[in-house]
1. What number of residues within segment 291-305 are touching a residue at least 24 places away in the same chain (Cβ under 8 Å) and part of a loop (DSSP other than H, G, I, E, B)?
2. Determine whether segment 68-76 contains at least one residue that is open to solvent by 50 Å² or more (accessible area, probe 1.4 Å), part of a loop (DSSP other than H, G, I, E, B), at pLDDT below 90 and in contact with an Asp or Glu (Cβ under 9 Å, 6 or more places away or on another chain).
3. All but one of (1) surrounded by fewer than 22 Cβ atoms within 10 Å (Cβ to Cβ); (2) among the charged types (D, E, K, R); (3) in contact (Cβ under 8 Å) with a residue 24 or more places away in the chain hold for Asp234; which doesn't?
4. Could you say which residue among Arg74, Arg116 is of a type outside the set (A, V, I, L, M), within 23 Å of Arg311 (Cα to Cα) and in contact with a Leu (Cβ under 8 Å, 6 or more places away or on another chain)?
5. Quick check: anything in segment 18-27 modelled with pLDDT of 90 or more and open to solvent by 60 Å² or more (accessible area, probe 1.4 Å)?
6. Looking for whichever is open to solvent by less than 20 Å² (accessible area, probe 1.4 Å), modelled with pLDDT of 95 or more, at negative phi and touching a Gly at 6+ places or on another chain (Cβ under 8 Å) here; the options are Leu347, Leu277, Leu323. Which one fits?
7. Does segment 381-388 contain at least one residue that is more than 26 Å from Ala310 (Cβ to Cβ), touching a residue at least 12 places away in the same chain (Cβ under 8 Å) and surrounded by fewer than 19 Cβ atoms within 10 Å (Cβ to Cβ)?
8. Answer yes if at least one residue in segment 405-413 is within 22 Å of the chain's Cα centre (by Cα) and in contact (Cβ under 8 Å) with a residue 24 or more places away in the chain, and no otherwise.
Amino acid sequence: MSTRTTTPERTGPPGAEAARTPEHSRPSGRGTTFRETMLGRIRLDGEDRDRPVRLDLHAAADRVPHPLGTTPARLTGRIRIAGWVDDPEAVGTLEISPLARRRIRYRIGFTADGHRFTLDGWKSISPRRPLASMTVLPYTLYEDGTAVGTGTVRFPLATQLLPFLAGFRFPRREDGTPLVAPRWNGTPGRTEVWYTTATDPATGTGLWLHHELVAPADGSPPFAHGWAAAFPQDGPVRHTRFGPTPWTRPAEGFRGDGVQAVPGQLSGNAGEFSWRLAEQPTDAPLYTFPRWSWRRPLLPAAQVLPAARARYTGTFAYQDTTLTLDGAPGASARIYGHGNAHRWAWLHADLGDDGVLEIVAAVSTRPGLRRLPPLVFLRLRHRGRTWPRRAERTAVGWAGLGRFRADVGLPSWTVTGRAGLRRIRVEVTQPAERTLALDYADPDGSPAVCRNSERADAHILLERWWGKWRTEAVWTLDGTAHAEVGGR
């Protein structure tokens, strides 16, 4: 039977303790991310045997931990309990306080048999036994505030110490402004977009919500507009538009014409469509373009995903159909710039437990650049790492233009390229019956047309050089890829 170390400080279920986070220094300009694997056992109430447990966790903090302070972090990852649960969408919090409170506390929520559970425990730091206290995590399992099991997991030093240390990253933080906050500063000739795509796993229906601010180049008042679309498996694509309506400068996200896209929530009514969705991020932000291009808008446009992956729960109704989503996979993204490219292609591919792939390939509208092949921005988050490490690599390559190539067309388009010891080939298909064409205008009034499919197909081949090219991973998405091709 698993043994569990307790301390007098624990007095109830998760949330019973007040949150106190003493600050000993101002937050630095960088955050902290790392990965951790722990193995152990659990004894559930009513059972006479232990079950093996494995935790694969990714932690992200908004600052570098201070040894004398308390640093909160976000946890995402996978929880596996033999014969009972395998949840790759576990989320929670981590409290890093080795000296101030002499503990490192984990609270992780996950789903099993349709019920929500919380794993709550901490490593009690002791100078008399530093190795054991930093690697052993006793915990209690709760359901609705009631304890339903106890167990212990350990960090396996022999196999995980080197990957753990090598996995630490200290990414630069943004200036404190949330990535979903409006960027527009009143300059004419700008457009700003909040968009969300998702796939309902129960019906296979693809969903698309597009929210857009346009500040006309002639100095006319800015306006908000957008659309919602559904891509069912067994019927034609449906969509509706909302707006235009005056832009009201909300403090966060998008609001206009009864529609809103704010942190954690998407809602609206437009035509025969209505939706109420809660958004739960399950991954860290992903910068498709160079990170500096979002902080300093020097490029014609930039795109970022505030969370590389997210899950959506709620209702989405159109005409006589109502979908009830429960953890539907998808993501929300942001665009800010002068308008659309001359030609472009886009792909968002949720690879499940393996990660996510995001691609933008575009040809500039500027005279003289329209004849050049598309610049490719490709970011693959695989096994907790993002490849290539810098977004510029896919656009300019190691030795100039052309290392990554895009052949853009319909119904199929491809992207190929190589960076370091890896190369990739992506083939995307957007069948006509699963593609929606929408026309709209840039801030200068020039028209554009996007052809979008939230039920596209994608085949992705990732290879690594080991004396010769060997397959590292293959993914095939049938009707679950989100893709678009646009032009003039």
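1. 3
2. So far as segment 68-76 goes, no, none of its residues is open to solvent by 50 Å² or more (accessible area, probe 1.4 Å), part of a loop (DSSP other than H, G, I, E, B), at pLDDT below 90 and in contact with an Asp or Glu (Cβ under 9 Å, 6 or more places away or on another chain).
3. (3) is the only condition that Asp234 fails.
4. Arg74
5. No, the conditions are met nowhere in segment 18-27.
6. Leu277
7. Scanning segment 381-388, I find no residue that is more than 26 Å from Ala310 (Cβ to Cβ), touching a residue at least 12 places away in the same chain (Cβ under 8 Å) and surrounded by fewer than 19 Cβ atoms within 10 Å (Cβ to Cβ), so the answer is no.
8. no
The values are calculated or read from the model by the stated rules, or taken from the named source; none is laboratory data. If you're wondering where the values come from, they're calculated on a predicted model, not measured in any experiment. We place every Cβ from the backbone using ideal geometry, glycine too, and count neighbours over all the protein chains shown. Calculation scope for accessible area: heavy atoms of the full protein, side chains included, ligands and nucleic acids excluded. Shrake-Rupley method; radii C 1.70, N 1.55, O 1.52, S 1.80 Å.
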